[in-house]
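Encoded as structure tokens, the structure appears first; notes follow it.
The values are calculated or read from the model by the stated rules, or taken from the named source; none is laboratory data. All of these numbers come straight from a predicted model, not from anything done at the bench. FYI the Cβ positions are ideal-geometry reconstructions off the backbone, even for glycines, and counts take in every protein chain you see. Accessible surface areas use protein heavy atoms only, side chains included; no ligands, DNA or RNA. Shrake-Rupley method; radii C 1.70, N 1.55, O 1.52, S 1.80 Å.
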Amino acid sequence: MARVETSSSRPYHLVIFGASGFTGQFVVEEVARTASEGPKGSLKWAVAGRSKQKLEKVLEQAAGALSKPELRAEVDIIVADVGEPDSLTAMCKQAVIVLNCVGPYRFYGEPVVKACVENGAHHIDISGEPQFLEGMQLNYSSQAAEKGVYIIGSCGFDSIPADMGVLYTRDQFKGTLTAVESFLTVSAGAEGGCIHDGTWQSAIYGFADSQKLQSLRRKFNHKPLPTVGTKLKRRGALFYCNELQQYSVPFMGSDPSVVKRTQRFLAEECQATPVQYGAYAGIGGIGNIIKMLFAGMMFLFLVKFSFGRNLLIKYPEFFSFGMFSKAGPTRKQMEASSFQFTFYGEGYTEEQDTSQEKPSAKIRTRVQGPEAGYVATPIAMVQAALTLLNEAAALPKKGGVYTPGAAFAKTTLVDRLNKHGIQFSVI
């Protein structure tokens, strides 16, 4: 069982690394908001990053936003830098769990994972970068298992709603679930919305390095997962979705790879029936299609060259038609935004013969919540950490590098999320 108690030498349940970054500041607020949900009703936590002054400013900002002036005195500050391994060692030795908010993870993630594994701290991140996530599994899983350390990736909007949503659908289905398709829609208020350009940068480098991801996957030597029921057909690159009543495209994030890794773990370690998965996103009407095609063609051309990548990084608003910005969304924009995943599942009823018949039973579920990047992501990350702290006995028996679904399948994470505004329901 995971070691989750604090001690005199390891005084903090949580250390938020990168607390002064754009996403990190909202994780700080969420931890402060939910501190009473820690073990025995309290949580000992600290913030960490390169600049003491910026960390002090973030605590001051959180104290004002939450009307908790005591935060400035009660929350400790740890100065740590990805470029200084000794500072990471010192930070990890003091933490039960490190909440790592420093991206892009392909550049800054591995030193933190390495320090956590070597120094006995569990690690939770909010990466949506398959190359980083799968690379950490390849390189650190056996070492983490030896140390009893849990490295749990993609615990934000990428990919808790999708990964836990598929498991929720399976658990609600009366019979054997064989396939699920998810459709994501995002809503913004009158002032619109945007995403901070850290996510844009991760996408740029992810596309530029896609060949490396393929060669990394070959190193696992995975056998194909068995297909149970009718093989799930891939939809086109652009199609009109009758379910959403709008045009849709395949979802470009890490959800498909994360869900597949979870299904492989559950099939191999728990002898569960693997669920096939397809992920799509609604993009709206003809006007949005024209914008997306134009932006997509420019992106795919420029991302191939270093000068093109520099242009994309320098002018995110121009090349993404305002979807990404260096400033990120305002609080007002965040308050008016929301997301919704709808899951369409099929499988066998309990009476059906899985070897002879086609699956005939259907189910529809939904996961919906507040603004995805900076409201839902901190909620998901912090609830994942609180689940680890409070329900260590329900996690996989040994440490390792896990997806959210693999780590939290037998916990009450979905119930916890329901109580915090990320709602799972059958429709």
Heavy-atom accessible area of D158, protein chains in place, probe 1.4 angstrom, given in Å² to nearest 10, is 40
For the chain the mean separation of alpha carbon contacts under 8 Å (6+ apart) over residue count, i.e. relative contact order in percent, is 22
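What number comes out for accessible area per residue over the stretch 160-369 if the probe is 1.4 Å? Units Å², please. All intermediate terms of the calculation are to be shown ahead of the outcome.
On the way: 11430 Å² over 210 residues.
Value for the stretch 160-369: 54 Å² per residue.
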Excluding residues fewer than 8 positions from K419 in its own chain, the aspartates and glutamates with Cα under 15 Å of it are E30, E37
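Answer rounded, prolate or oblate for the stretch 160-369, using the Cα gyration tensor with square roots of eigenvalues a ≥ b ≥ c: rounded when a/c is under 1.5, else prolate when a/b is larger than b/c, else oblate. Write down the numbers at each step before the final one.
On the way: a/c = 2.21, a/b = 1.58, b/c = 1.40.
In terms of gyration-tensor shape, prolate.
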The simple spin-label model distance between Q211 and E146, using points 7 Å out along Cα→Cβ, in nm, is 3.4
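Taking a threshold of 29 Å on the Cα-Cα distance, which of the pairs K212/K233; K54/K212; K114/K260; K114/K397 fall above it?
Details: K212/K233 26 Å; K54/K212 36 Å; K114/K260 25 Å; K114/K397 21 Å.
Pairs exceeding 29 Å: K54/K212.
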Between H123 and residues 5 or more places away or on another chain, the pairs with built amide H atoms under 5 Å apart involve V98, Y150, I151, I152
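What do you get for GluC sites (Glu not before Pro) in the stretch 43-113 restricted to DSSP loop and a cutoff of at most 10 other Cβ within 10 Å of the site's Cβ?
Working: sites: E56, E60, E70, E74; in loops: E70.
Those satisfying the criteria are E70.
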Given Cβ charges of +1 for Lys and Arg and -1 for Asp and Glu, the option among T230, V15, G153 whose Cα lies farthest towards the positive end of the dipole of the chain is T230
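Taking every pair of Cα atoms in the chain, average 1/r, invert it to obtain the Kirkwood radius, and report Rg/Rh to two decimals. Don't skip to the answer; put the middle values down first.
Working: Rg = 21.1 Å, Rh = 22.2 Å.
Here Rg/Rh amounts to 0.95.
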Quick calc, the stretch 136-213, dipole around Cα centre from Cβ unit charges on Lys, Arg (+) and Asp, Glu (-), nearest 20 debye, gives 280
Taking protein heavy atoms only, a 1.4 Å probe, and rounding to whole percent, the accessible area of the stretch 230-317 owed to carbon and sulfur comes out at 61
At R0 = 35 Å the Cβ-Cβ FRET efficiency linking F239 and Y315, nearest 0.05, sits at 0.70
The size of the Cβ-based charge dipole (Lys, Arg +1; Asp, Glu -1) of the stretch 75-166 about the Cα centre, to the nearest 20 debye, is 140
Percent antiparallel among DSSP beta bridges confined to the chain, rounded to 5, stands at 50
Loop-resident GluC sites (Glu not before Pro) in the stretch 136-204 with no more than 16 other Cβ atoms inside 10 Å, DSSP not H/G/I/E/B, are E191
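So what is the 222 nm mean residue ellipticity for the chain from helices alone, if each DSSP H run of at least 4 adds -39500 (n - 2.57) and you divide by all residues, rounding to the nearest 500 deg cm²/dmol?
Working: 18 runs with 183 residues, N = 427.
One gets -12500 deg cm²/dmol as the mean residue ellipticity at 222 nm.
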Placing each pseudo-label 7 Å from Cα in the direction of the beta carbon, F305 and S325 end up separated by a distance in nanometres of 3.0
